[in-house]
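Have a look at the structure below, then the notes.
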Number of protein chains: 2
Amino acid sequence: MAKAANRKITAGKRASGAAIPLYAQVEEIIRQRLIDNYWNPGEALPSEMQLAAELGVSQGTVRKALNDMVAENLLVRRQGRGTFVSEHTERRALFLFFNLVGEDGSRTMPVSEVSSCAHRKATPEECERLDLAVGAEIITVQRVRSLHGEPTIVDRVTVSRSLFPNLGGDVKLPENLYRFYQGEYGITITKAQESVRAVSATPEEAEMLSLAPGAPLLEIDRISLSLDGRPVEWRVSRCNTNQHTYVAERG
Amino acid sequence: MAKAANRKITAGKRASGAAIPLYAQVEEIIRQRLIDNYWNPGEALPSEMQLAAELGVSQGTVRKALNDMVAENLLVRRQGRGTFVSEHTERRALFLFFNLVGEDGSRTMPVSEVSSCAHRKATPEECERLDLAVGAEIITVQRVRSLHGEPTIVDRVTVSRSLFPNLGGDVKLPENLYRFYQGEYGITITKAQESVRAVSATPEEAEMLSLAPGAPLLEIDRISLSLDGRPVEWRVSRCNTNQHTYVAERG
DNA sequence: TTGTTGCTGACTTATATAAGACTCGATACG
DNA sequence: CGTATCGAGTCTTATATAAGTCAGCAACAA
């Protein structure tokens, strides 16, 4: 049987001017399946050989596609066991998305206390940041997060109500929201864009964080993107950086 | 002639417990050549075929090694022309190592004015941060950097005098220090670790930046690492983030 | 418990084709 | 004669396939 007959991918090989490499098409198919939760987080994908047979390409091409996605933290390979869908473990969340570390570089999971949780119509700014239609309903959660028992961060989390129905309603919010999003709503956060500034604490913030009014705070403005690249969460954190620093790697 | 006879790499194949993949060894050899400035920045490496022949491995193995190093921004590939040693261009410096952007996300090269330049013995902290022997000589440069004509950043750059002899002596310091290091001293900065805090402006800083004393500033503490992973430059920048923000990508 | 067996990914080599970039000579045109 | 343009040839990297060996892991059998 001819290979092309099995092929799900309309490569047109290299002859035509298609110019989209096979491995990129394979990557796109797998990415779409991840978005559709075709496999569950933590579940093993079919073996490279099986995927290659199904898609009508060679095992080496599948390997390249999978490697690229492993580099993007979408998949995890375990020799002898298989290739798995990435999970938002505590550890992963801590290293990828929580960037306040102690002076010595140590990382601690914060302890949060929700101070308010409301749903209302989105403001124009919220619509713009979260790419929502005007008048869309949103949910905002405000928290105070403590590190080593010290209130250190004041948090405001904003999400679309249509994407996260009932969020904050009956269920208690866990510490790791991203894992919650993945487990409860099938929405996987893969990337975030952060924008950081130095600001002065408002009197309310100063009180919540036991600081003098006007004390310098680090403001982290974060838009979190889901697997398909859409903005899903807007989070503004204001942090006391006397005992902790925000870290970033460059290059 | 047997392949193994030509081989510069003592793989021991996979039979023994060596467990170091061939491509990793190739990578290490090329990395060492980069450190030794075996090739000049901007110069083309030998073709994959030539490298493969020289090292006694297949072209595919060389390709994997080179791809990995391209992913690390050490090399640049140009189809039809060759693989090149990365250069610290303005553009690259701006995107990789300068992270203050305007509210609209635009990036501008700052204009710097050196306010002081001195050499003296390193303090214990400087020794620790730059991994120097006690009593080593260092050079510090202080600058005020302006964006769009507004003084925005107060900078303190510290480097070892033994690595950068005569720096700041007769030659005028250019805007892009990293390119200068690469061009004049053969030292290539590839990575940086940044640690960010919110602080209050000192009276001197406030005056230099035309701010009220005690105004919140963003402090960026950066250790820059060279190709071989050694800390080479310590830079502390204090920034007015009223018109600009510090950006970071996560995930 | 221990050893075997069979699955998986990890690594290496080989081969082939496509496409970008450059050289250089033939050719056409003023 | 001088010049511009086209195209073949030959470098390069980019993509794709195939075949094989090795190593980690788990389940099963002895």
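The values are calculated or read from the model by the stated rules, or taken from the named source; none is laboratory data. Note that this is a predicted model, so its numbers are computed, not measured. So basically every Cβ, Gly included, is an ideal-geometry build from the backbone, and we count neighbours across all protein chains shown.
Here are A:Gln142, A:Gln193: which of them is surrounded by fewer than 20 Cβ atoms within 10 Å (Cβ to Cβ) and within 14 Å of chain B (Cβ to nearest Cβ)?
Just a single option satisfies the conditions, and that option is A:Gln193.
It is to be established whether one or more residues within the range A:202-221 are over 26 Å from A:Thr108 (Cβ atoms), modelled with pLDDT under 95 and part of a helix (DSSP H, G or I).
no
So which residues in the range A:107-139 are polar (S, T, N, Q), surrounded by fewer than 13 Cβ atoms within 10 Å (Cβ to Cβ) and within 20 Å of A:Ser224 (Cα to Cα)?
The one that is polar (S, T, N, Q), surrounded by fewer than 13 Cβ atoms within 10 Å (Cβ to Cβ) and within 20 Å of A:Ser224 (Cα to Cα): A:Thr123.
Yes/no matrix, rows are residues, columns are (1) without any contact (Cβ under 8 Å) to a residue 12 or more places away in the chain; (2) touching a His at 6+ places or on another chain (Cβ under 8 Å):
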residue: B:Gln142; (1), (2): no, no
residue: B:His148; (1), (2): no, no
residue: B:Ile153; (1), (2): no, no
residue: B:Val157; (1), (2): no, no
residue: B:Phe164; (1), (2): no, no
residue: B:Pro174; (1), (2): yes, no
residue: B:Arg179; (1), (2): no, yes
residue: B:Gln182; (1), (2): no, yes
residue: B:Gly186; (1), (2): no, no
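Among the residues of the range A:196-207, what is the count of those that are surrounded by 16 or more Cβ atoms within 10 Å (Cβ to Cβ) and farther than 28 Å from A:Phe164 by Cα?
The qualifying residues number 6.
When the residues of the range A:50-88 are narrowed to those that are within 8 Å of DNA strand D (Cβ to nearest atom) and small (Gly, Ala, Ser), which ends up farthest from the other protein chains (Cβ to nearest Cβ)?
Out of the qualifying residues, it is A:Gly56.
Please tell me if A:Ser106 is more than 14 Å from DNA strand D (Cβ to nearest atom) and within 14 Å of chain B (Cβ to nearest Cβ).
The answer is yes for A:Ser106.
I'm told A:Thr190 meets every condition in (1) out of contact with any strand residue (DSSP E or B) (no Cβ under 7 Å at 6 or more places or on another chain); (2) farther than 30 Å from B:Arg238 by Cα; (3) touching a residue at least 24 places away in the same chain (Cβ under 8 Å) except one. Can you identify the failing condition by its number?
Just one mismatch for A:Thr190, condition (1).
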